[in-house]
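Contents: one structure, followed by commentary.
Derivation of every value follows stated rules applied to the coordinates shown; laboratory data play no part. Because the structure is predicted, anything quoted here is derived from the model rather than measured. Every residue, glycine among them, receives a Cβ derived from its backbone with ideal geometry; neighbour counts consider all protein chains shown.
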Amino acid sequence: MSSLRVAQRATRVLVAGGSYAGLAMTLNLLDLCHGFSPRFSGTNAPADKTQQAPVEVTIVDQRDGFYHLIGTPLAYTSREYAEKAWIRFQDIPALQTPSVKIINAGITQLNCQEKVATVTEISNQQDTKIPYDYFVAASGLRRTKPSAPTALSRKEYLNDALEHIRLVESAEDGVVVIGAGAVGIEIAAELKTTHPHLKVTLIHSRKQILSSENVSDEFRDLALGLVQESGVETILGARVNKVIKKSDPGTGLTSYEVCFVDGRHVKAGFVVNAISKFHPTANYLPSSALDEEGYVKIGSSTAFVEGTPNADYHYAAGDIARWPGIKRCGAAMHQGLHTAVNIHQRILSAQNGITPQFKELDPNVPPMMALAIGKKAASYTPDEGIASGEDVLNLFFGDDLGFAICWNYLRLGEAPYKGERLIDLGDADVRNDTQLPELPTNEPIQA
C-alpha cells in the first residue's frame, strides 16, 4: 500500500542570524520536527512519528557564513587559524537540506502584525518580502574590530585578517593593545603566544583589568597574573590621550607613539584598540519589542513579552535578548535550544491539538566566565569557583579556542537526516527509515 497521504503545509520559521543562537535553534528544531530528541539533549532514541511536523527554516544573515566569534583573538594572529574560523554556509554539511534556506541579506523591517519581513539582499541591494509563521531574532550584537570582523564575506574577512597579521609581524617596535577587557586580554596573550619574539604591551586606564566585567577582584588578579606569566607587559592606571601614526618615507615602515594623559608615551610598531564597542542589531524590530538599550524583551520561554503584535510567534535568543548573565556563546546556544523546543510545541499544538509544554529559562543566571590567556585559561563558575591552568584551557577551549567544541556540539559536520522525516510535497508525504546518528553526551563550553 502506498504511504502517500495529504500533507500539511510546512510551518515557515524565519531566523535573523546564523551564528551560535540561530544555528542552535535551527538544527534542534529540525531534529524535533523529524521526531528525534534535540541534539543538545544528549539522548539517542528512535524517531517518534507523533512528534513529526513539516517545517521550513529560512536563515537571513548579512555574512555569507558562520564565524567562530570566540576565536577572533587567534584568527587575527594566526594565518592557519584565520582560514578555519569562517565557514561559508554552503560548506556546512548540516545545513545542506531542502528544509533550510540561507539568504545573504539584512532584515530592514519586521511587520509583526502581518508576519512579513522585508530584507535587503547584499549582492544587489534589492528588497524582498518574506512571509513567516514564526520569527526568531538571533542577529546578536554589532561589534567593531578587533572584537569581531566587520567583513560580510569570507574572502573580505581573510584579506583583512591576513593584512592585520602582516602588520603585526612587521612591528619591529612591538605591539600595543589598548584596553584590558576580555577581548584585549585574549588578543594580547594570543599575540605573545603565537609570536614569542614580539614585544606585546597591554594598556588599561583602570588599576585593575576586567574593570567593566561582573567578576571578583580575586578573578581579576588571577587573570592579570596569567597575562604577565604569558610574557605580556602591562601598564595599568594610565589613560591614553592619543595615538600618533608616523610613516618613514625612506623605509616605508610605519610606527606609532601612544601618548598618555599624564605626559608619558610608548613607542610601538602596531597598535590594537581593544576597547569594545557594541550595540544590539534589533533596529528592524518595532520599538514595543525593545528595552531602552535596544535589546529584545523576552520572557522565560524566549518569546517576546506582551505589547508587540503576535508576541507568542516572535522569539529572541543569544546576545540580542535581554536576559540576565554575561553574554556567552554557551548561553546563546542554550537559548536557541529553548526556542526550538517551544516553537516545536506550538507547531504540534496547532497540528495535533496537544497542550504545549514550554521549556523555561532560569532567570537566576549567576556570573560565569572563562578566559583563554596564552597557554592557560582562567575560569569562574558557581559550582567550581575560580580555577586556572592548562587543564582549564583544555576543558573550556580545547586547543583551538573552542572551535571544535562548538562545531561538534552543533554537529555542523554531519549531513542532515535523509529519512524518517515528513517532507511537504503539497499533497503527499514520504517516509523512510533511518538511524539517529550518535549524539554527544557532554555539555559544551560555558565561556
**Message:** Can you tell me the length gained on complete extension of the stretch Arg88 to Glu172, counting 0.36 nm per residue apart and subtracting the Cα distance?
**Reply:** 26.7 nm
**Message:** Only Cα pairs within less than 10 Å get springs; with that Gaussian network setup on the chain, which residue of Thr26, Thr355, Thr72 has the largest fluctuation?
**Reply:** Thr355
**Message:** At 7 Å along Cα-to-Cβ for each site, give me the label-to-label distance between Asn124 and Asn283 in nm.
**Reply:** 2.5
**Prompt:** Any idea what angle helix 20-33 forms with the longest principal axis of the chain, computed on alpha-carbon atoms, 0 to 90 degrees, nearest 10?
**Reply:** 20
**Request:** Using a Gaussian network model of the chain whose springs link C-alpha atoms within less than 10 Å, name the residue from Gln345, Gln208, Gln113 with the highest mean-square fluctuation.
**Result:** Gln113
**Request:** About the Cα centre of segment 1-101, how large is the charge dipole given +1 on each Lys and Arg Cβ and -1 on each Asp and Glu Cβ? Please answer in debye to the nearest 20.
**Result:** 260
**Over the chain: helical MRE at 222 nm, DSSP H runs n ≥ 4 each giving -39500 (n - 2.57), nearest 500** = -7500 deg cm²/dmol
**Request:** Under 10 Å from the Cβ of Val258, count the other residues' Cβ atoms, weight Lys and Arg +1, Asp and Glu -1, and hand me the total.
**Result:** +2
**Prompt:** His197 label point, 7 Å along Cα→Cβ, cut-off 17 Å on backbone N: hits in segment 226-270?
**Reply:** 269-270
**Request:** Could you work out how far apart the two model spin labels at Thr251 and Glu213 are, taking each label as a point 7 Å from the Cα in the direction of the beta carbon, and quote it in nm?
**Result:** 3.6
**Request:** Towards the positive end of the charge dipole of segment 162-273, with charges on Cβ (+1 Lys, Arg; -1 Asp, Glu), say which of Val258, Gly269, His195 has the farthest Cα.
**Result:** Val258
**Request:** Note down the magnitude of the dipole of segment 238-372 about its Cα centre, charges +1 on Lys and Arg C-beta and -1 on Asp and Glu C-beta and zero elsewhere, to the nearest 20 debye.
**Result:** 580
**Item:** Restraint check, Lys49/Lys115; Lys277/Lys359; Lys199/Lys242, Cα-Cα greater than 25 Å
**Value:** Lys49/Lys115; Lys277/Lys359
**Prompt:** What is the helix-to-structure angle for 217-229, meaning the angle in degrees between its Cα long axis and the longest Cα principal axis of the chain, kept from 0 to 90 and rounded to the nearest 10?
**Reply:** 60
**Complete:** As a percent rounded to 5, the proportion of antiparallel DSSP bridges among beta bridges in the chain is 55
**Item:** Unit charges on C-beta of K, R, D, E only; dipole of the chain, Debye
**Value:** 780
